[in-house]
Amino acid sequence: MPAEELSQPPVPSANPLQDIANPGLVWRRLAVTLSLDAEGRVVDVKVSRYELSDELARQIEQAVAAIPFAPGVRDGQAVATQLETRLCFDGAGQLETASKGCWHAPTSPER
């Protein structure tokens, strides 16, 4: 189910790539598509590879895939969700979460 159709979107329990700086990510905004099951587990993740090495894209996908989510909810029921977002990086190549449309810093999800 697309995230736009949910009463409550999935919430990550952590930031992917937190505390990781990479010169190849300086000022990048990477499109990411995640598929989550109704338990909040990442079952698939795709990072856009536009001007990004396959190795770095795979590292990012692995980091994102390891993050548990509080599942998306529709009509009071946890549901599988497809989420599209952006991973935005600052001038040091570190994940930046304050910009609109970028991965948001997690809150402590109620499970």
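The values are calculated or read from the model by the stated rules, or taken from the named source; none is laboratory data. What you see is a predicted model; the values in this text were computed from it and never measured. Positions of Cβ are backbone-derived with ideal geometry, glycine not excepted, and every protein chain shown enters the neighbour counts.
Tally time: how many residues in region 78-94 are assigned to a strand (DSSP E or B), within 15 Å of P10 (Cβ to Cβ) and either over 13 Å from the mean Cα position of the chain (by Cα) or among the aliphatic types (A, V, I, L, M) (or both)?
Within region 78-94, the subset assigned to a strand (DSSP E or B) is 78-79, 81-89.
From what is left, the residues that are within 15 Å of P10 (Cβ to Cβ) are 78-79, 81-85.
Still in the list and also either over 13 Å from the mean Cα position of the chain (by Cα) or among the aliphatic types (A, V, I, L, M) (or both): 78-79, 83.
Here the count works out to 3.
Please find, among V79, V45, V64, the residue that is out of contact with any Pro (no Cβ under 8 Å at 6 or more places or on another chain) and of a type in the set (V, I, T). Can you show your working first?
Working: V79 fails: out of contact with any Pro (no Cβ under 8 Å at 6 or more places or on another chain); V64 fails: out of contact with any Pro (no Cβ under 8 Å at 6 or more places or on another chain).
None of the other options fit; the residue is V45.
In region 29-48, is there at least one residue being in contact with a Cys (Cβ under 9 Å, 6 or more places away or on another chain) and touching a residue at least 12 places away in the same chain (Cβ under 8 Å)?
Quick first cut of region 29-48, residues in contact with a Cys (Cβ under 9 Å, 6 or more places away or on another chain) only: 29-30.
Next, only the ones that are touching a residue at least 12 places away in the same chain (Cβ under 8 Å) stay: 29-30.
Yes: one or more hits.
Any idea how many residues of region 47-77 are closer than 14 Å to R29 by Cα, part of a loop (DSSP other than H, G, I, E, B) and within 15 Å of the chain's Cα centre (by Cα)?
1
Checking P12 against (1) at pLDDT 90 or above; (2) in contact with a strand residue (DSSP E or B) (Cβ under 9 Å, 6 or more places away or on another chain), which test does it fail?
Every condition holds for P12 apart from (1).
Looking at E61 and the list (1) modelled with pLDDT of 85 or more; (2) closer than 13 Å to E39 by Cα, which single condition is not satisfied?
Only one criterion in (1) modelled with pLDDT of 85 or more; (2) closer than 13 Å to E39 by Cα is unmet by E61, namely (2).
From the list V45, V73, pick out the single residue that is surrounded by 18 or more Cβ atoms within 10 Å (Cβ to Cβ) and within 27 Å of E5 (Cα to Cα).
Working: V73 fails: surrounded by 18 or more Cβ atoms within 10 Å (Cβ to Cβ).
Unique residue meeting the criteria: V45.
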